[in-house]
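Peer 1: So that we are looking at the same thing, I have put the structure below in structure tokens.
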Amino acid sequence: MTDKIDRTATVHPSAHIGAQASVDPGAMVGYHATVGKGARVAEDAIVRVRGVVRAYAVLGEGSIVGPHADIHAEAVIEDNVTIGSRVRIGRGAVVGRQCSIESHVHIEDGVRIGQRSHIGRGALIDRDAVLGQRVTVGPRAMVGAGTLLSKRASVASEATVGAGARIGANARIAVRANVPLGRTVPANTKFSGS
């Protein structure tokens, strides 16, 4: 079976479209971009210069993958998500609708990010972390493996949340704070300690 490129889609001649991939109406695949085997670029989505959407990944309607960003196999980027340049999104990760991910962010395998969340420049979200809806992670912050950030929680710039931590709804982690491994931060509180 060959790839399926809609006649209203724009695919740069230098782009690579894998077997069984689909590029839907109004979508754009840019210069030296790659859409892997069985991947889908949905309606009006954009893969910019040298962006990569790997095998069986899905880029939702109206979503944008920035230059040199790399969406790994089987990841799902839902509708109207903006992904900056040089972002890595790991295998099987899910990014909810209307999220914004700034440049140089590293999201590991199996991460789940709820809709309308924002991830700041240079942040790291480790394997299997779960971020609820409307979560904010500041620039250069780090969220450990298996951590849970409940809805509307925020992690300020350069803060570290240790692996397995539980951050309650509306909780705030202060700038450069260090939440210990496995720590629970109750809902509606601010954590400033280390």
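Readers should treat all values here as calculations from the given coordinates under stated rules, not as data from a laboratory. Note that the structure is predicted; figures quoted are calculated from it, not measured. As a convention, Cβ positions derive from the backbone with ideal geometry for all residues, glycine included, and neighbour counts pool all protein chains shown.
Peer 1: When we measure straight from the Cα of K4, which lysines land under 29 angstrom away, once same-chain ones fewer than 8 places off are left out?
Peer 2: Those lysines meeting the cut-off are K37.
Peer 1: Moving to a separate point now. Just check the stretch 1-98 against the gyration tensor rule for me: Cα atoms, a ≥ b ≥ c as the square roots of the eigenvalues, rounded for a/c under 1.5, and otherwise prolate or oblate depending on whether a/b exceeds b/c.
Peer 2: rounded
Peer 1: Using only alpha carbon pairs under 8 Å that are at least six residues apart, calculate the relative contact order of the chain and give it in whole percent. Intermediate results must be reported in sequence, preceding the final value.
Peer 2: Values: 754 pairs, mean separation 17.7, N = 194.
RCO, the chain: 9 percent.
Peer 1: To the nearest 20 debye, what is the magnitude of the charge dipole of the stretch 1-98 about its Cα centre, counting +1 on the Cβ of each Lys and Arg and -1 on the Cβ of each Asp and Glu?
Peer 2: 380
Peer 1: Also: Could you size up the charge dipole of the stretch 105-194 around its Cα centre, putting +1 on the beta carbon of Lys and Arg and -1 on that of Asp and Glu, and report it in debye to the nearest 20?
Peer 2: Values: 13 positive and 5 negative charges, 82 e Å.
That gives a dipole near 400 debye.
Peer 1: According to the square roots a ≥ b ≥ c of the eigenvalues of the Cα gyration tensor, what is the shape class of the stretch 105-194, taking rounded for a/c under 1.5, prolate for a/b larger than b/c otherwise, and oblate for the remainder?
Peer 2: rounded
Peer 1: Which order do the peptides 4-13, 116-125 come out in when sorted by mean C-beta neighbours inside 10 angstrom, highest first?
Peer 2: Peptide ranking by packing, descending: 116-125, 4-13.
Peer 1: Pick out, from Q98, V35, I5, the residue whose Cα sits farthest towards the positive end of the charge dipole of the stretch 1-98, with +1 on the Cβ of Lys and Arg and -1 on the Cβ of Asp and Glu.
Peer 2: Of the listed residues, the answer is V35.
Peer 1: Classify the stretch 113-157 as rounded, prolate or oblate, taking a ≥ b ≥ c as the square roots of the eigenvalues of its Cα gyration tensor: rounded when a/c is under 1.5, otherwise prolate if a/b is larger than b/c and oblate if not.
Peer 2: Cα axes put the stretch 113-157 in the oblate bin.
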